[in-house]
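Novice: This is the structure I want to talk about, given as structure tokens.
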Amino acid sequence: MNHAIKPSPETASQAGLPELSVVVPTFNERDNVTVLYRRLEATLTGIAWEVVFVDDNSPDGTWQVVRALAQKDSRVRCIRRVGRRGLSGACIEGILASSGPYAAVIDADLQHDETQLPKMVALLRSGEAELVVGSRYIEGGSADSFNKQRAGASQLATEVARRVLKVEVADPMSGFFMIRRDRFEQLAPQLSTQGFKILLDIIATAAGKLRAVEIPYTFGSRQHGESKLDSMVALDFLGLVLAKLTHDVVSLRFLLFAMVGGIGLVVHLATLFIAHEIFREPFAEAQAAGALVAMTSNFILNNFLTYRDQRLKGFAILRGLLLFYLVCGVGLLANVGVAFAVFDQEPIWWLAGAAGALMGVVWNYAMSGLFVWRKR
């Protein structure tokens, strides 16, 4: 029945609905959004279109500029996200909120070539493709605006993605693409809202069942604003690769949480050594100090890294820390309980310890997401 009420591109156009929805994730891009809007207006003549700006509550008031545009042109829409950040999540929300049967993702930094959009629409319209990728790494494409460091990192990530995840697209790290929205909606529940590599996630999740065509374009230089890629992009990428290798059994966020837990173990042992061996504190007090310092460091790292899209600030940090202590305290009891139960059945110390540790990290992860960094 759903298929019966979904408008085709032709009926959508006839009804005055957009055929193409252009999704633009933004953060501190107030100097770029009007320029991009004017370029879309000039390029998409003859195509019914809308543009959905998804702004992560930019401090520079990008969303205010978009709202002003929307008041003059009903084809412009603004989604202002408060309390969460991340390019992938912004793209997912924007596409799912769009109206057209075709959805394009393009950056607001003016580095992507919007003049390729009509060609992308034509490829989807004809049925030749379900996904069209703007590629820098096929004949006719270029990424000469990259500095040596970024060019090397991009090529390395592309090679890893192609070899490890068996991705056949030449530029799976591209941030410029267009997809049939109905195909995207089928994949959306399996996509990660974290990180920056939404196209790679789409391709890996589709597992070869998405007809993809690449067209060349020249990657330009940033004009204004700031890059949406932060210092954690490498970890996001590796986490995404690992998540896809496990067929999404293990999420990117869980992998980051577990990694922070591993760092916490090192912090715990280092604190225990300093307190017990250097300051000659009794073992019980030294162990308690180690646990407290480790939980505190884990909270700080998780707030900065694992849950940075829901980062706690101000008074919420203190409240969150106290809740994290409580969650981890219960998690420790679960850890010990499971370890003892396993050891009673099979007296192998390392197996019992690993089972307890796994139970502890799963508990801490589940309860932290539910109580400490719960979505608002």
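Novice: Filter the stretch 270-284 down to the residues that are open to solvent by 100 Å² or more (accessible area, probe 1.4 Å) and farther than 17 Å from Ser297 by Cα and list them by number.
Specialist: Hits for the stretch 270-284 are Ile278, Phe279, Arg280, Phe283.
Novice: Determine if the stretch 344-359 includes at least one residue that is modelled with pLDDT of 85 or more and open to solvent by less than 90 Å² (accessible area, probe 1.4 Å).
Specialist: Within the stretch 344-359 (the criterion being modelled with pLDDT of 85 or more and open to solvent by less than 90 Å² (accessible area, probe 1.4 Å)), the answer is yes, since at least one residue qualifies.
Novice: Now, a different point. When you scan the stretch 155-166, do you find a residue that is over 22 Å from Asp113 (Cα atoms), part of a loop (DSSP other than H, G, I, E, B), modelled with pLDDT of 80 or more and touching a helix residue (DSSP H, G or I) at 6+ places or on another chain (Cβ under 7 Å), even just one?
Specialist: Checking the stretch 155-166: at least one residue is over 22 Å from Asp113 (Cα atoms), part of a loop (DSSP other than H, G, I, E, B), modelled with pLDDT of 80 or more and touching a helix residue (DSSP H, G or I) at 6+ places or on another chain (Cβ under 7 Å).
Novice: So, one more: If you go through the stretch 15-43, how many residues are touching a Pro at 6+ places or on another chain (Cβ under 9 Å), at pLDDT 95 or above and of a type in the set (A, V, I, L, M)?
Specialist: 1
Novice: I'd like to verify a number: residues in the stretch 239-252 that are in contact (Cβ under 8 Å) with a residue 24 or more places away in the chain and either in contact with a strand residue (DSSP E or B) (Cβ under 6 Å, 6 or more places away or on another chain) or open to solvent by 30 Å² or more (accessible area, probe 1.4 Å) (or both), how many?
Specialist: Here the count works out to 3.
For (1) at negative phi; (2) touching a helix residue (DSSP H, G or I) at 6+ places or on another chain (Cβ under 9 Å); (3) touching a residue at least 40 places away in the same chain (Cβ under 8 Å); (4) not in a loop (DSSP other than H, G, I, E, B), each residue gets a yes or a no:
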{"position": "Asn28", "(1), (2), (3), (4)": "no, yes, yes, no"}
{"position": "Thr34", "(1), (2), (3), (4)": "yes, yes, no, yes"}
{"position": "Ser74", "(1), (2), (3), (4)": "yes, no, no, no"}
{"position": "Arg77", "(1), (2), (3), (4)": "yes, yes, no, yes"}
{"position": "Cys91", "(1), (2), (3), (4)": "yes, yes, yes, yes"}
{"position": "Gly94", "(1), (2), (3), (4)": "yes, no, yes, yes"}
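Novice: Give me the residue from the stretch 287-320 that is among the aliphatic types (A, V, I, L, M) and either assigned to a loop (DSSP other than H, G, I, E, B) or touching a His at 6+ places or on another chain (Cβ under 6 Å) (or both) and, out of that set, surrounded by the fewest Cβ atoms within 10 Å (Cβ to Cβ).
Specialist: Among those that are among the aliphatic types (A, V, I, L, M) and either assigned to a loop (DSSP other than H, G, I, E, B) or touching a His at 6+ places or on another chain (Cβ under 6 Å) (or both), it is Leu312.
The values are calculated or read from the model by the stated rules, or taken from the named source; none is laboratory data. If you're wondering where the values come from, they're calculated on a predicted model, not measured in any experiment. When we count neighbours, we look across all protein chains shown, and the Cβ atoms used for this are built from the backbone with ideal geometry, even at glycine. Ligands, DNA and RNA are stripped out before the accessible areas are found, and what is left, the full protein with its side chains, is counted by its heavy atoms. Shrake-Rupley method; radii C 1.70, N 1.55, O 1.52, S 1.80 Å.
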